[in-house]
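Colleague: Have a look at the structure that comes next, please.
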Amino acid sequence: GVTRLLLTRIPFFKEIIVSSFSCPSCSWSNTEIQAAGRIQEQGVRYTLAVTSRQDMNREVVKTDCASARIPELDFEVPAFSQKGVLTTIEGIIDRAVAGLEQDQPARRATDKEVARKIDEFIGKLRQLKEVNSPFTFILDDPSGNSFVENPRAPHRDEALLVTHYRRSPQQCALLGLEVTAAAPAPWEPSREQELTLLPLQGEEVDAKPPDAAEDLRDEVLQFNTNCPECNAPASTNMKLVQIPHFKEVIIMATNCDSCGHRTNEVKSGGAIEAQGTRITLRITDPSDMTRDILKSETCSVEIPELEFELGMGALGGKFTTLEGLLKDIRDLVEKNPFTLGDSSTASRTGKLQEFIGKLQDVKGKAQAHFIMDDPAGNSYLQNVYAPEEDPELSVQRYERTFEHNEELGLNDMRTEGYEAEPASGR
């Protein structure tokens, strides 16, 4: 057969290469597209609200690294599963239907139930072309080279939302772009990247260097450590997480392949607050057990109804739920050999068993107050009504005492005027 190549430019978009193949023997033909420009600085996501038959005729440039989704049907065409194509919304649906129907005869012979479900799904896809009800079409391309037509261009299309985003390290790897741990300053591309990033004529070049701090928020860092149990080489993963309506924290998790020991720890990602925080939750419903909790190393826990208090530093930093923290408290009591082991007395064992029973009732039906006191102000208890006030949750700010500052090491900390006096004669 014969393959024809055409370099063309899509209005209000960019240049592409259209390749067309036709076979005179069997009359089979195929059309593909390739981006003639560079990989863009940012990925792009098109979200189109399809409400009429005219929307089905919108032209679509879908590269091979782009994924297409229809959330109403929970349907997705994954990236790199199809070649790049210049088509329409209806053409993408037809292509998906053809792909699903391809192996249906074999499925009907081997698994009739799966074939029946796929037939039902194909029927739903075909009904979409009639646009009896609105649906959403999402085209996500990390290379930034896909396109959905705006028939009102250069004016804004109210039905089409275009979002540009920074690629994750995984998406950069899929595109064959080199990911470095530290961003150079200023950013200087290699010779290969210069060839790839050459702009097309008439396009503006965004010379802004990538934000390294922004990349770290989406990346899991890993470094080598030793297992705290068996001292064998292990790896620790570290991730920066933003807690809604609070602040950033650092979650560190260690997993040992030798002994199976696993642990996680939470560090505050910000500074010590100007005031301490006392958080009081009145537990009235079992659903309170699902509230998220950030317990820093400087936080103490108290349950007055059980006459229980957990001092500062016990259990370390935790990012878990209220139920998870109560489970850790129970494990702390049960696994202590001096409390419930052979070294304990009968009276002490009875009291601790009674306490464990009451703690179990708190997780189920008993009402109690759960109090977190953190002089550093770096602990958090989820407000399920946020941003509105929670009637069962109270947060009290207080001024730290001299003893609190001494425990936190703030009394001897000097943040201003600590520079040494310049030597004479210099």
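The values are calculated or read from the model by the stated rules, or taken from the named source; none is laboratory data. On a predicted model such as this, the values are computed, not experimentally measured, just so you know. When we count neighbours, we look across all protein chains shown, and the Cβ atoms used for this are built from the backbone with ideal geometry, even at glycine. When the accessible area is computed, the model is the full protein with side chains, heavy atoms only, and any ligands, DNA or RNA have been set aside. Shrake-Rupley method; radii C 1.70, N 1.55, O 1.52, S 1.80 Å.
Colleague: Is it true that residue 328 is surrounded by 13 or more Cβ atoms within 10 Å (Cβ to Cβ) and not in a helix (DSSP H, G or I)? Even if it seems obvious, please write down each step before you answer.
Modeller: On the way: surrounded by 13 or more Cβ atoms within 10 Å (Cβ to Cβ): yes; not in a helix (DSSP H, G or I): no.
Spelling it out, it is not the case that residue 328 is surrounded by 13 or more Cβ atoms within 10 Å (Cβ to Cβ) and not in a helix (DSSP H, G or I).
Colleague: Further, regarding this structure: Quick one: count up the residues across segment 299-325 that are open to solvent by less than 20 Å² (accessible area, probe 1.4 Å), part of a helix (DSSP H, G or I) and in contact with a Phe, Trp or Tyr (Cβ under 8 Å, 6 or more places away or on another chain).
Modeller: Final tally of qualifying residues: 1.
Colleague: If you don't mind, there's one more thing I want to ask. From the list 138, 122, 118, which residue is surrounded by 14 or more Cβ atoms within 10 Å (Cβ to Cβ) and assigned to a strand (DSSP E or B)?
Modeller: Details: 122 fails: assigned to a strand (DSSP E or B); 118 fails: assigned to a strand (DSSP E or B).
Being surrounded by 14 or more Cβ atoms within 10 Å (Cβ to Cβ) and assigned to a strand (DSSP E or B) holds for just one of 138, 122, 118, which is 138.
Colleague: Within segment 60-77, can one find any residue that is more than 32 Å from the chain's Cα centre (by Cα), within 23 Å of residue 151 (Cβ to Cβ) and acidic (Asp, Glu)? Walk me through it before giving the result.
Modeller: In the first step, residues of segment 60-77 are kept if they are more than 32 Å from the chain's Cα centre (by Cα); the result is none.
Taking every residue of segment 60-77 in turn, none turns out to be more than 32 Å from the chain's Cα centre (by Cα), within 23 Å of residue 151 (Cβ to Cβ) and acidic (Asp, Glu).
Colleague: Is segment 18-35 home to any residue that is among the hydroxyl-bearing types (Ser, Thr, Tyr) and closer than 15 Å to residue 148 by Cβ? Before the answer, list the steps.
Modeller: Here is the first cut: in segment 18-35, the residues among the hydroxyl-bearing types (Ser, Thr, Tyr) are 19-20, 22, 25, 27, 29, 31.
The next check asks that each one be closer than 15 Å to residue 148 by Cβ; those that pass are none.
For segment 18-35, residues among the hydroxyl-bearing types (Ser, Thr, Tyr) and closer than 15 Å to residue 148 by Cβ: absent.
Colleague: Pick out, from segment 165-273, the strands (runs of 3 or more DSSP E) lying fully within it that include 3 or more residues that are surrounded by 11 or more Cβ atoms within 10 Å (Cβ to Cβ) and modelled with pLDDT of 80 or more. Quick ask: steps written out before the conclusion?
Modeller: Values: elements: 221-226, 233-242, 248-255, 262-268.
Hits in segment 165-273: 221-226, 233-242, 248-255.
Colleague: Let me ask another. Within segment 58-69, does at least one residue satisfy the condition of being within 25 Å of residue 171 (Cα to Cα), out of contact with any helix residue (DSSP H, G or I) (no Cβ under 7 Å at 6 or more places or on another chain), modelled with pLDDT of 90 or more and part of a strand (DSSP E or B)?
Modeller: yes
Colleague: Further question: Checking residue 145 against (1) at pLDDT below 85; (2) open to solvent by 30 Å² or more (accessible area, probe 1.4 Å), which test does it fail?
Modeller: (2)
Colleague: Further question on the same structure: Select from segment 75-111 the residues that are open to solvent by 60 Å² or more (accessible area, probe 1.4 Å) and of a type in the set (D, E, K, R) and list them in ascending order.
Modeller: 76, 83, 94, 95, 101, 103, 107, 108, 111
Colleague: Specify the residue that is modelled with the highest pLDDT; the eligible residues are those in segment 376-426 that are small (Gly, Ala, Ser) and more than 20 Å from residue 317 (Cβ to Cβ).
Modeller: Step one: list which residues in segment 376-426 are small (Gly, Ala, Ser), which gives 376-377, 379, 386, 394, 409, 417, 420, 423-425.
Add one more test, that the residue is more than 20 Å from residue 317 (Cβ to Cβ), and what stays is 386, 394, 417, 420, 423-425.
Numbers: 386: 77, 394: 92, 417: 73, 420: 61, 423: 50, 424: 50, 425: 48.
So the residue we want is 394.
Colleague: Can you give me the number of residues within segment 63-74 that are under 14 Å from residue 137 (Cα atoms), out of contact with any Lys or Arg (no Cβ under 7 Å at 6 or more places or on another chain) and open to solvent by less than 40 Å² (accessible area, probe 1.4 Å)? Break it down stepwise before answering.
Modeller: Quick first cut of segment 63-74, residues under 14 Å from residue 137 (Cα atoms) only: 66-74.
Next, only the ones that are out of contact with any Lys or Arg (no Cβ under 7 Å at 6 or more places or on another chain) stay: 66-67, 69-72, 74.
Retained after the next criterion (residues that are open to solvent by less than 40 Å² (accessible area, probe 1.4 Å)): 66-67, 70.
Total satisfying the criteria: 3.
Colleague: Moving on. Could you check residue 26 against (1) at pLDDT below 85; (2) surrounded by fewer than 13 Cβ atoms within 10 Å (Cβ to Cβ); (3) not charged (D, E, K, R) and say which number it fails?
Modeller: Every listed condition holds for residue 26 apart from (1).
Colleague: Further, regarding this structure: Restricted to segment 274-298, and to residues that are open to solvent by 40 Å² or more (accessible area, probe 1.4 Å) and in contact with a Gly (Cβ under 8 Å, 6 or more places away or on another chain), which residue is modelled with the highest pLDDT? Break it down into steps so the answer makes sense when it comes.
Modeller: Pass one, segment 274-298, residues open to solvent by 40 Å² or more (accessible area, probe 1.4 Å): 274-275, 278, 282, 284-287, 290, 292, 297.
Cutting the leftovers down to in contact with a Gly (Cβ under 8 Å, 6 or more places away or on another chain) gives us 274-275, 286, 297.
Values: 274: 85, 275: 89, 286: 85, 297: 83.
Restricting to residues being open to solvent by 40 Å² or more (accessible area, probe 1.4 Å) and in contact with a Gly (Cβ under 8 Å, 6 or more places away or on another chain), the top hit is 275.
Colleague: Give me the residue from segment 284-305 that is over 13 Å from residue 324 (Cα atoms) and among the charged types (D, E, K, R) and, out of that set, nearest to the chain's Cα centre (by Cα).
Modeller: So, considering only residues that are over 13 Å from residue 324 (Cα atoms) and among the charged types (D, E, K, R), the one nearest to the chain's Cα centre (by Cα) is 297.
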